[in-house]
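Colleague: Have a look at this one.
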Amino acid sequence: MTTLVFLEHHEGELQKGGLGVLGKAAQLGEAHAAILGSGVAGLAEQSGRYGAGKVYVVDDPALEAPLSQPRVDALAEIVRDNGIENVFFAQSVLAADLAAALAARLDAGLNWQLTDVEARDGGLVAKQPALQDTVVVESGWSSTPRLALFRSGTFDPQETGGSAEVENVSVSFEDFSTQATMVEQAHEEQSGPSIEDADVIVAGGRGLGGPENFTLVEELAKALGGAVGATRAVVDAGWYPYSTQVGQTGKTVSPKLYIACGISGAIQHKVGMQSSGTIVAINKDPNAPIFEFSDLGVVGDLHQIVPKLTELVRSARG
Ligand SMILES: Cc1cc2nc3c(=O)[nH]c(=O)nc-3n(C[C@H](O)[C@H](O)[C@H](O)COP(=O)(O)OP(=O)(O)OC[C@H]3O[C@@H](n4cnc5c(N)ncnc54)[C@H](O)[C@@H]3O)c2cc1C
């Protein structure tokens, strides 16, 4: 079974989400990767190390801006010319747009919000949590190519040390695909890793008491070289940006260490972070639900504990 994985990249780096999905594709059979952009040839080698046997590189100025339509042309051509049976994407704004448009172009079926996929009876079975993540629904595809969009952070990238055969593809773009141009691209000010890529996340909830106290979480995250996450309650209250929301309607994350400060552990938050390596909770209520799925719990006032923890981390790191 041949699977093509769309590898998204930003500022010269392949994104962790796509590399994780590539590892999953390699477990199912032959894994191919698609790298689309302008000046991207240098990224091809990296994909081999994460499981791609072959990488299709479309290096074209028409692909400079992160717009989906020219990418649909490129992927559709690669899929048709190479007998690709599955096309996998890791969730992102661009990937979701692209997967939907590719499904329309190829008249193919798309399953999304997936957390796993399994080979069964010569086909694939997709697994998708539903009903606020209380059940897992299995669904399939009635034709090929099968398109699948996985939740962000579902699979960790694994370096396998292989190398990929590189095929440079030149695509003839449809007239309508190059009509849209990117007028402006604004980046949110951010220092340190993004929550999707961070090995450590320090997350803050309503227990912080107010937006000004997010400095406590920021300081701890900085000391640990991690990123800051938040609950929906606090982003809805305008205490912290939406881009940091972890959970059912936010991001799914799986860092090595997740420190929850003043977070009750509602099911909608839990589903976004439960696959983290080690979960540490700081909460003043010993009966808070978060303690039921934490590896380590500290019962107490975060305003006292977090600054001390930050101090300890700083001195331990010299
Ligand atoms: C459809 C739907 C989707 C949702 N999606 C999401 C989602 O994606 N992500 C998400 O996070 N939520 C989501 N929610 C909201 C979710 O149900 C909870 O309301 C939210 O997660 C609670 O946020 P919180 O833990 O910050 O606040 P609270 O539940 O109010 O918890 C605050 C905690 O802080 C503790 N605390 C208070 N003071 C201190 C102190 N000084 N020191 C230590 N601890 C203290 C309290 O004991 C309490 O446990 C969703 C809800 C719905 C209905």
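Quick note: the coordinates plus some simple rules give every number you see, no bench work behind them. Please read all numbers here as calculations on a predicted model, not as lab measurements. Every residue, glycine as well, gets a Cβ built from its backbone with ideal geometry; the counts of neighbours run over all protein chains shown.
Colleague: What does the charge count around GLY162 come to, taking other residues whose C-beta lies under 14 Å from its C-beta (Lys +1, Arg +1, Asp -1, Glu -1)?
Modeller: On the way: positive: ARG49, LYS54; negative: GLU30, GLU45, GLU159, GLU165.
Result for the local shell: -2.
Colleague: What are the residues whose amide H is under 5 Å from the amide H of ALA203, where those residues sit 5 or more places off or on another chain and H is modelled from the backbone?
Modeller: Result for ALA203 returns GLY229, ILE259, ALA260, CYS261.
Colleague: Still on this structure, I have one more. On a 0 to 90° scale, report how tilted helix 214-224 is relative to the longest principal axis of the chain, with both axes built from alpha carbons and the result rounded to the nearest 10.
Modeller: The helix 214-224 is inclined about 70 degrees to the chain.
Colleague: If the reach is capped at under 19 angstrom between alpha carbons, list the lysines near LYS256, excluding any in the same chain fewer than eight residues apart.
Modeller: Cross-link targets: LYS16, LYS222, LYS270.
Colleague: Of all DSSP beta bridges located in the chain, what percent are antiparallel, nearest 5? Before the final figure, lay out the partial values.
Modeller: Working: 12 of 59 bridges.
The antiparallel fraction comes to roughly 20 percent.
Colleague: Among MET182, MET273, which comes first, second and so on when ranked by fewest other beta-carbon atoms within 10 Å? Please report the intermediate quantities before stating the final value.
Modeller: Values: MET182 9, MET273 27.
Arranged by neighbour count, lowest to highest, MET182, MET273 become MET182, MET273.
Colleague: Alpha carbons only, please: Rg and Dmax for region 200-317, in angstrom.
Modeller: Rg then Dmax for region 200-317, in Å: 12.6, 37.
Colleague: Given the options THR181, THR244, THR252, state which has the largest fluctuation in a GNM of the chain using a 10 Å cut-off (strictly under) for Cα springs.
Modeller: Its mean-square fluctuation being the largest, the pick is THR181.
Colleague: A further question on this structure: Would you report the distance distribution of C-alpha pairs in the chain as whole percents per 10 angstrom bin, up to the bin with the largest distance?
Modeller: P(r) for the chain, in whole percents per bin: 6, 25, 30, 23, 13, 4, 0.
Colleague: Then there's this: Given the DSSP H assignment, sum -39500 (n - 2.57) over each helix run of at least 4 residues in the chain and divide by its residue total; what's the result at 222 nm in deg cm²/dmol, nearest 500?
Modeller: -8000 deg cm²/dmol
Colleague: What shape does region 44-198 have by the C-alpha gyration tensor, where a ≥ b ≥ c are the square roots of the eigenvalues, rounded means a/c under 1.5, and otherwise prolate means a/b greater than b/c and oblate the rest?
Modeller: Working: a/c = 1.33, a/b = 1.18, b/c = 1.12.
Here region 44-198 falls in the rounded category.
Colleague: Something else now. Using modelled backbone amide H atoms (1.01 Å from N, in-plane), which distant-in-sequence or interchain residues come within less than 5 Å of HIS10's amide H?
Modeller: GLN15
Colleague: Return the aspartates and glutamates within reach of LYS308: Cα separation strictly under 15 angstrom, same-chain partners fewer than 8 residues apart disregarded; answer none if there are no such residues.
Modeller: GLU218, GLU219
Colleague: At what distance in angstrom do the alpha carbon centres of region 143-193 and region 24-83 lie from each other?
Modeller: Cα centroid of region 143-193 versus Cα centroid of region 24-83: 7 Å apart.
Colleague: Treating the angle as unsigned and between 0 and 90°, give the value, to the nearest 10°, between the Cα long axis of helix 16-28 and the longest Cα principal axis of the chain.
Modeller: Result, in degrees: 60.
Colleague: Say a paramagnetic label sat at a point 7 Å from the Cα of LYS284, along Cα to Cβ; which residues of region 208-245 have their backbone N under 11 Å from it?
Modeller: In region 208-245, the label zone of LYS284 (backbone N under 11 Å from the point 7 Å along Cα→Cβ) covers 208-209.
Colleague: Moving on to the next point. Where both residues lie in region 2-178, what percent of DSSP beta bridges are antiparallel, nearest 5?
Modeller: On the way: 12 of 39 bridges.
Bridges in region 2-178 that DSSP calls antiparallel: roughly 30 percent.
Colleague: Stretched out fully, how many nm does the piece from ASP301 to ASP116 gain, at 0.36 nm a residue minus the Cα gap?
Modeller: Working: separation 185, 0.36 × 185 = 66.60 nm, distance 3.83 nm.
Between ASP301 and ASP116, full extension yields 62.8 nm more.
Colleague: Return a whole-number percent for the relative contact order of the chain, with Cα pairs under 8 Å and 6 or more residues apart as the contact set. Write out the running numbers ahead of the final one.
Modeller: Numbers: 709 pairs, mean separation 46.7, N = 318.
Across the chain, relative contact order equals 15 percent.
Colleague: Report, to the nearest 10°, how far helix 93-106 tilts away from the longest principal axis of the Cα atoms in the chain, using its own Cα long axis and a range of 0 to 90°.
Modeller: Helix 93-106 sits roughly 30 degrees off the main axis of the chain.
Colleague: Whole angstrom only: what separates the Cα centroid of region 1-20 from the Cα centroid of region 264-317?
Modeller: Measuring centre to centre over Cα atoms gives 32 Å.
Colleague: Sequence-distant or interchain residues sharing an amide H contact under 5 Å with VAL298, placed H: which?
Modeller: When sequence neighbours closer than 5 places are left aside, the close amide H contacts are ALA281, ILE282, ASN283.
Colleague: Let me ask something else about it. How large is the Kirkwood hydrodynamic radius of region 216-271, in angstrom, based on all distinct alpha carbon pairs?
Modeller: Details: mean 1/r = 0.0860 Å⁻¹.
Taking every pair of different Cα atoms in region 216-271, averaging 1/r and inverting gives 11.6 Å.
Colleague: Looking at the chain as a GNM with Cα springs under 10 Å, which of VAL57, VAL166, VAL135 has the largest mean-square fluctuation?
Modeller: For the chain, modelled as a Gaussian network with Cα springs under 10 Å, the answer is VAL135.
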